[in-house]
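Notes follow the structure.
The values are calculated or read from the model by the stated rules, or taken from the named source; none is laboratory data. What you see is a predicted model, and the numbers here were worked out from it, not measured in a lab. Every residue, glycine as well, gets a Cβ built from its backbone with ideal geometry; the counts of neighbours run over all protein chains shown. Note: areas computed on protein heavy atoms with side chains; ligands, DNA, RNA excluded. Shrake-Rupley method; radii C 1.70, N 1.55, O 1.52, S 1.80 Å.
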Amino acid sequence: MPEVKIAPSILSADFARLGEEVAAICDAGCDYVHVDVMDGHFVPNITIGPDVLKAIKPYTSRPLDVHLMIAPVDPYINAFAGAGADIITFHPESGPHPHRTAQAIRAAGCRVGVSLNPATPLATLDHMLDLVDLVLVMSVNPGFGGQSFISSQLEKISELRQLIDASGRDIELEVDGGVNRETAAQVIAAGANVLVAGTGTFKGGPSLYAENIAALREARQT
Ligand code: DX5
Ligand code: ZN
């Protein structure tokens, strides 16, 4: 079983105190800081852009895991890379040339993530896997925090784990949406090694962040 990493989604943080919130989740033991970027076009919600990413960068030494839910995506890659992104994840549906997008992210000096919506098949990764460092399986439809986990994605996660192992490449398998203590156990058992958690990290306030993160990391099916 691979080591489990936790990537809190700052979508559930207190935006009025964002720097402190980022520092707090890092002190509480998170591995990545997951930043959800939404444009009100590719997804029905608007969040933050590169300037906010740049503003939070000094508050953490953990990698910034930037999840772009925007279309088009290519014109903004350099802005997010320049603002401090370490991993840039995009949705293949956000442009006509996903292979080119992956190349552009790598050329910008970032690790390449590809995100698969609940109805997007694994075959989308075919012929692109050599450029990919992380696959993000969406276990909700993207756009909002606090949604319920879609169980049909567990089968996809298991199949993806086999695909990654067979590739022999060091590719992270991240899962995003509705990850709580119960679903974390299922997701880990299916083969994920990075869990995104917004509600699951931030619920209860700063005094519980360390406990929440540890509980997700150690979640196991009984
Ligand atoms: C959804 C985002 C997720 C989401 C996670 O579009 O990509 O990162 O905010 O939130 P929870 O953990 O609350 O489902
Ligand atoms: Zn996300």
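The fraction of accessible area contributed by carbon and sulfur in the chain is 52 percent, rounded to a whole number (1.4 Å probe; ligands and nucleic acids excluded).
Accessible area per residue (1.4 Å probe, heavy atoms of protein chains only) ranks Phe80, Phe15 as Phe15, Phe80, with the largest value leading.
Counting Lys and Arg as +1 and Asp and Glu as -1, what is the net charge of the other residues whose Cβ lies under 14 Å from the Cβ of Val43? Summing Lys and Arg as +1 and Asp and Glu as -1 gives -4.
Per residue, the chain exposes 42 Å² of solvent-accessible protein surface, assessed with a 1.4 angstrom probe and all protein chains in place. In whole angstrom, region 139-222 maps to an equivalent ellipsoid with semi-axes of 23, 14, 11, each derived as √(5λ) from the alpha carbon gyration tensor and ordered largest first.
Where in region 60-75 does the label zone of Ala107 land, with the point 7 angstrom along Cα→C-beta and an amide N cut-off under 13 Å? 74-75, by backbone N distance to the label point. Spin-label pair His97-Asn78: with each label point 7 Å from Cα along the Cα-Cβ axis, the two points sit 1.5 nm from one another. With each label modelled as a point 7 angstrom along the Cα→C-beta vector, the Lys54-Ala16 pair spans 2.6 nm. Segment Phe144..Asp27, full-extension length gain: 39.6 nm, with 0.36 nm per residue of separation and the alpha-carbon distance subtracted.
Dipole size of region 5-221 about its Cα centre, with +1 on Lys/Arg Cβ and -1 on Asp/Glu Cβ: approximately 120 debye, rounded to the nearest 20.
Need one word for region 31-92: rounded, prolate or oblate. Basis is the Cα gyration tensor (sqrt eigenvalues a ≥ b ≥ c); a/c below 1.5 gives rounded, then a/b vs b/c decides. It comes out prolate by the Cα gyration axes.
Take 68-78, 87-97 and order them by the average number of nearby Cβ atoms within 10 Å per residue, most first; the result is 87-97, 68-78. For region 5-221, the convex hull drawn through the C-alpha positions has a volume of 108 cubic angstrom per residue. Taking a straight Cα-Cα cut-off under 18 Å and skipping sequence neighbours fewer than 8 places away in the same chain, the aspartates and glutamates within cross-link reach of Lys57 are Asp14, Glu20, Glu21, Asp27, Asp31, Asp36, Asp65, Asp86.
Estimated from the Cβ-Cβ distance and a Förster radius of 35 angstrom, the FRET efficiency linking Lys203 and His41 is about 0.75.
Placing +1 on each Lys and Arg Cβ and -1 on each Asp and Glu Cβ, with no other charges, gives region 112-209 a dipole about its Cα centre of roughly 380 debye. Spin-label model, Thr222/Ala185: points 7 Å from Cα along the beta carbon direction are separated by 0.6 nm. Based on C-alpha pairs under 8 angstrom that are at least 6 apart in sequence, the chain has a relative contact order of 22 percent.
Where both bridge residues fall in the chain, DSSP classifies roughly 5% of the beta bridges as antiparallel.
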